[in-house]
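What follows is a set of notes on a single structure, which appears directly below.
Read the figures in this text as sums done on the coordinates, not as results from a lab. All figures in this text were calculated on a predicted structure; none of them were measured in a lab. Heads up, the Cβs are rebuilt from the backbone with ideal geometry, glycines too, and the neighbour counts pull from every protein chain shown.
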Amino acid sequence: MKILPALRVLGYAVLALATFEIAARVEDYVRHGAPLLDAYSIDSVFRPGPFGKEGKPGAHYLKWSMNSLGYRGPELKPGRTNIVTFGSSETFGLYESPDHEYPRQLENFLNSKRPGAYNVVNIAIPSEPTGNNRYLARALKQLSPRYVVIYPSPALAIGAKASSCNKTFPRQTDHQQIGDWFRLPGRLGPYLKRNAPKPLLKSFYDFDIWRSTHGGHVMRRVPDVSIAAYSADVLCAIRTVDAYGATPIVVTHVTYFGDHLEPGDDMMMAAWRKFFPYLAAPGFLDLERRANAAEMEAAKSAGAKIVRADGVIPRGAGNFADFVHFTDHGAALMAVIVGDAILADPYPTPKTGHA
Amino acid sequence: MPFTSLSYLLFFLPAVAIAHAVLLSLKARRLAVWLLLGSSLWFYASGRPEQGLLFLASIVVNWVIATRIGKATRDQPRLRWLWVGIVANVAFLSAFKYINFFFAQVSGLSGLALSLPNWPAPLGISFFTFAQIMYLTDCYQEMYSPVGLVDHATSTGMFPYIAAGPIVRIPEISEQFSEKHDRDARWDLAKRGLVRLGIGFAKKVLLGDSLVTIVNTGFAAPSSLSTYEAWIVAFVYTLQIYFDFSGYTDMAVGSAMLLGIRIPENFNNPYIAQSVSEFWQRWHMSLSNFITNYLYTPILRAQGRPTLKNSVIAVLIAMGLCGLWHGAAWTYVVWGIVHGVALGVNQYWRKSKRKLPPGVGWLLTLTFVTLALVLFRASSLPMAVKFFAAMLPHANLFGVGALTPLLQDLPSVAVRPILLLLVVIPFAVMQIYNAKGAAWAPRIPMSVKVVAYSLMIYMTLFLGGEPTSFVYFQF
């Protein structure tokens, strides 16, 4: 007897969710020209390529737009010196407002000093290892840059057993997950992250970490073999840049936490750990220290220019939107640090690249 | 904890409302009052515990004084205790709200370099202090008997209205603690409260906050505005402050209804007023009642005969103090006095028994209110003067240069309210006529209601942007 009212309530819940979903699709269509019926997510701007994931030429999703070469940012202007920025999601840019990711701010900074002299080409792909030298080599051949700024992401070393240099990446299929088909989760997630009570959010993160590691071994520190793989990846990227006649500039990694944890950091640390649950919280700062040391050692051995961002960009929410990704302000600081290094180069002669 | 936060809307308020309803169902009325007191103190002091102590100190002092007034049998000690209470409350309010202003004026006039105390004012100090002055006066006038300490504390500081009103009469709230309602009546009140809460949230986030950028841009650099832009900005601020404050009030009234408590209304379509005196009967009504009954009337009485001249003097003083209540700045004082002058002119006009053509009174009132609000919004009197200068015809009469950068934000400025109105107006009209039993209005099927509510929720959550702080929280 009580099944009918329960079914009715269920029906209304489904109707409400369907209304939300349709509203989200109409909003995307009106504001961003997104397809009404097709999937629409950040993955819309990527496609499987011969060297792993690559940018889809001309694609755009919300604030993220790819140029005709498949790199994030505007079309290259002819007659300018090309500078390439290579890295992971920190370089690609996630949280900055449009045109405020560090490569775009670097271009603006450099051109404010030497008007019309530089294109900064952001070839970064989120989660791509620094050792993907084949992807890098193809971009360098295409762009003939004067400088390549390498900003590796140490977290990618977690779980690494060997360098990915010269590795053949299996061609990924362009499959879409069920979550890509619905627009509502993409709105609800960030909304809850911004507005949900912090203790509740922390409990969710802790539960997620507990669920992932339940019964498994949690590392207190990343093993040396992973750091060695990370170092070899950095060296591989530097050598690839050298091979194409460009100047590599290696930038040390910097995080929300700086070099120490402070009271109140547990929430942000839990958010980071959620992605790498098998590493205990103290292991992250240890990883940062060791990875930066290994990176500098590799750069030194290859004679590459080193730029220290760690200890220069202050910790905290002013510069970081999450554990590693920049705010507009943090990206601006990064742009100035890197820009100063480029402008201080003793061989500033512009070298025209292919536009 | 702002009303617009998920912490409040999804966790705190539902948890308290459900626990309160359960206790009432179990007929544990006193426990329900304790729950309201405990949750309100937690709400109040969660950010800054020292504020909770100051609030409690104010409660205890006022409760003791009210009890003394209630117990005294002769008029003289009763009056003495009333004065002790009024002086204590005004001193408490002044110590936190006006002392910096006072020191700054003394420094400015004397040339002495006085260091400002900068004591942070407890949340809602203006509201709970006025509520308690009102309570002491009512006890003195034997309108009400003093209530117990727990009821006093709960009625004064209930979380739906502690931060920014409405200013309540303490006994009118506390007598509801012992009222008996059946479950249906409580459920009906809670349902209406939920709708009111939603309307307030949408008013604030979708309408009020949509206008913030225009107002902030305009008031940041009034000298750059054309005459046309200055008027636009002034009228937009008139709308913004209404949607912001009435949205807050809707949320406060709705929250209280969810707890089975009815609190006074603060707004009754103020912008349709035909005169300034009607405007004040429709705008911030709980404050207007306080000003009328506890400032204007006693001042008028103190002058002896209630002549027109004495009435105008009383209204000028009362409105000047009303301005000062809003904040320790000359802009607020002048805003209050300007309203006092308008109310005085209104009294003379009414005495002359002349009539304005239909619509003219409304236009004059709305224009006056808008102009006066420039004083209210400006950061200083010189800034207000600059804004008024921009409103006067000058070389740049119809330019749109200063506000042009906002055109790119037009979707967020204009589309949200338009979408909201497109959904809400037909729905609200049907609801109203359904409630009146109009034959032409078809009953709205539940599925249509679900779609309409879902669209409203979607727009409020995802098109609303980050809610800004309520304007009246600063008072």
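Non-local amide H neighbours of A:PHE320 (under 5 Å, H modeled in plane, Pro and chain starts lacking H): which ones?
A:THR327
How large is log10 I(q)/I(0) at q = 0.21 Å⁻¹ when the Debye formula is applied to the Cα atoms of segment B:309-398, each weighted equally and without solvent?
Debye intensities relative to I(0), on a log10 scale: -1.05.
Sequence gap at least 6, Cα distance under 8 Å: using those rules, report the relative contact order of segment B:53-135 to the nearest whole percent.
Once normalised by length, the contact order is 29 percent.
Name the lysines eligible as straight-distance cross-link partners of B:LYS180: C-alpha to C-alpha under 26 Å, and not fewer than 8 places from it in the same chain.
Here the lysines satisfying the reach criterion relative to B:LYS180 are B:LYS27, B:LYS191.
Normalised by the number of residues in segment B:75-177, what is the relative contact order in percent for Cα pairs under 8 Å and 6+ residues apart? Intermediate results must be reported in sequence, preceding the final value.
Working: 81 pairs, mean separation 28.8, N = 103.
The value is 28 percent.
Determine which lysines satisfy two conditions relative to B:LYS355: a Cα distance under 17 Å, and not lying fewer than 8 residues away in the same chain.
none
Explain nothing, just compute: Karplus ³J(HN,Hα) = 6.51 cos²θ - 1.76 cosθ + 1.60, θ = phi - 60°, for every residue of segment B:321-332 in order, whole Hz, x for Gly and Pro.
5, 4, x, 5, 4, 5, x, 8, 7, 5, 4, 5
Tell me, what ³J(HN,Hα) does each residue in segment A:38-55 have, in order and in whole Hz, if you take phi through Karplus 6.51 cos²θ - 1.76 cosθ + 1.60 with θ = phi - 60° and put x for Gly and Pro?
Ordered by residue, 3J(HN,Hα) equals 8, 5, 8, 8, 4, 5, 4, 8, 10, 8, x, x, x, 10, x, 6, 9, x Hz.
To the nearest Å, what is the center-to-center distance of segment B:368-395 and segment B:157-220, using C-alpha atoms only?
31
Students often forget the sequence filter, so: which lysines lie under 30 Å Cα-Cα from B:LYS386 once same-chain residues fewer than 8 apart are removed?
In chain and number order, the partners are B:LYS97, B:LYS204.
List the extent of the Cα atoms of chain A along each of their three principal axes, largest first, rounded to whole Å.
84, 46, 38
As I understand it, the dipole of the protein assembly as shown uses +1 on the Cβ of Lys and Arg and -1 on the Cβ of Asp and Glu, about the Cα centre. Which of B:PHE103, B:LEU343, A:ILE337 lies farthest toward its positive end?
My answer, from the dipole projection, is B:LEU343.
For B:LYS353 and B:ALA72, compute 0.36 nm times the residue count separating them, minus their Cα-Cα distance, and round to one decimal in nm.
Working: separation 281, 0.36 × 281 = 101.16 nm, distance 4.72 nm.
Net length gain for the segment: 96.4 nm.
In the protein assembly as shown, with Lys and Arg counted as +1 and Asp and Glu as -1 at Cβ, which of these residues, B:PHE243, B:GLY148, A:VAL250, has the Cα nearest the positive end of the dipole, that is, farthest along it?
Sorting the options by dipole projection puts first B:GLY148.
Give me, ordered by chain and number, the residues 5 or more places off A:VAL148 or on other chains with an amide H under 5 Å from its own placed amide H.
A:VAL84, A:THR247, A:ILE249
Could you run the Karplus curve 6.51 cos²θ - 1.76 cosθ + 1.60 with θ = phi - 60° over segment B:354-359 and give me ³J(HN,Hα) per residue in whole Hz, x for Gly and Pro?
For segment B:354-359, the Karplus curve yields 7, 10, 9, x, x, x Hz.
How are the C-alpha pair distances of chain B spread across 10 Å bins, as whole percents from the shortest bin up?
4, 17, 27, 28, 18, 6, 1, 0
How many nm is it between the label spots at B:LYS309 and A:VAL30, if each spot is 7 Å from the Cα in line with the beta carbon?
The answer from the label model is 6.2 nm.
Hey, fewest Cβ within 10 Å first, where do A:ASP28, A:ASP328 land in order? All intermediate terms of the calculation are to be shown ahead of the outcome.
Values: A:ASP28 19, A:ASP328 16.
In increasing order of surrounding Cβ atoms, one gets A:ASP328, A:ASP28.
Is segment B:160-319 best put as rounded, prolate or oblate by its Cα gyration tensor, with a ≥ b ≥ c the root eigenvalues, rounded for a/c under 1.5, and otherwise prolate when a/b is larger than b/c, oblate when not? Numbers along the way, then the final one.
On the way: a/c = 2.89, a/b = 1.11, b/c = 2.59.
Since a/c reaches 1.5 but b/c is at least a/b, the shape of segment B:160-319 is classed as oblate.
Can you tell me the Rg and the Dmax, both Å, for the Cα atoms in segment A:225-355?
So, for segment A:225-355, Rg and Dmax equal 16.4, 50 Å respectively.
How large is the charge dipole for segment A:168-323, taken about the Cα centre, if only the Cβ atoms of Lys, Arg (+1) and Asp, Glu (-1) carry charge, to the nearest 20 debye? It would help to have the intermediate numbers written out before the result.
On the way: 19 positive and 17 negative charges, 71 e Å.
The calculation lands at about 340 debye.
How high is the relative contact order of chain B? Use alpha-carbon pairs under 8 Å, at least six apart in sequence, and give a whole percent. Don't skip to the end; give the middle numbers.
Details: 586 pairs, mean separation 82.0, N = 475.
This gives 17 percent for chain B.
Within chain A, which whole H helices from DSSP have a Cα span along their axis of at least 24 Å and a mean Kyte-Doolittle hydropathy of -1.0 or more, if any? Kindly include the intermediate steps, with their values, before the conclusion.
Numbers: long enough: A:3-32 (42 Å, 0.86); A:224-243 (28 Å, 0.92); A:281-301 (31 Å, -0.48).
Qualifying helices: A:3-32, A:224-243, A:281-301.
Would you list A:GLU96, B:GLU278 from fewest to most Cβ contacts within 10 Å?
Working: A:GLU96 21, B:GLU278 17.
By the 10 Å Cβ count, ascending: B:GLU278, A:GLU96.
Quick check: from the Cα gyration tensor, does the protein assembly as shown come out rounded (a/c under 1.5), prolate or oblate? Don't skip to the end; give the middle numbers.
Details: a/c = 2.01, a/b = 1.80, b/c = 1.11.
Prolate shape, in that a/c is at least 1.5 and a/b is the bigger ratio.
Looking at the protein assembly as shown only, what percent of DSSP beta bridges run antiparallel? Nearest 5 please. Before the final figure, lay out each step's value.
Numbers: 10 of 28 bridges.
DSSP beta bridges in the protein assembly as shown are roughly 35 percent antiparallel.
How large is log10 I(q)/I(0) at q = 0.16 Å⁻¹ when the Debye formula is applied to the Cα atoms of segment B:60-202, each weighted equally and without solvent?
Computed log10 I(q)/I(0) values: -0.93.
Hey, can you grab everything whose amide H is under 5 Å from the amide H of A:SER127? Only 5+ residues off in sequence or another chain; H modelled, so Pro and N-termini drop out.
Close amide H contacts, sequence-distant or interchain: A:SER89.
Taking the Cα centre of segment A:225-275 as origin, work out the dipole magnitude from +1 charges on Lys and Arg Cβ and -1 charges on Asp and Glu Cβ, in debye rounded to 20.
For segment A:225-275, the charge dipole is close to 220 debye.
Residue farthest toward the positive end of the dipole of chain B, with Cβ of Lys/Arg at +1 and Asp/Glu at -1: which of B:SER226, B:HIS326, B:LEU366?
Result: B:LEU366.
Looking at this model, which pairs from A:LYS141/A:LYS300; A:LYS141/A:LYS193; A:LYS56/A:LYS77 are more than 30 angstrom apart at the alpha-carbon? Before the final figure, lay out the partial values.
Working: A:LYS141/A:LYS300 25 Å; A:LYS141/A:LYS193 41 Å; A:LYS56/A:LYS77 20 Å.
In this structure, A:LYS141/A:LYS193 lie more than 30 Å apart at Cα.
Please rank B:MET285, B:MET446, fewest neighbouring Cβ atoms within 10 Å first, as an exposure proxy. The partial results should precede the final answer.
Values: B:MET285 19, B:MET446 12.
Going from least to most buried by this count: B:MET446, B:MET285.
Magnitude of the Cβ-charge dipole of the protein assembly as shown, K/R +1 and D/E -1, about the Cα centre, nearest 20 debye? Don't skip to the end; give the middle numbers.
Numbers: 75 positive and 52 negative charges, 346 e Å.
Around 1660 debye, computed over the protein assembly as shown.
Give the cysteines in the protein assembly as shown for which no other Cys Cβ lies under 4.7 Å away, or write none if there are none.
Cys with no partner Cβ under 4.7 Å: B:CYS139, B:CYS322.
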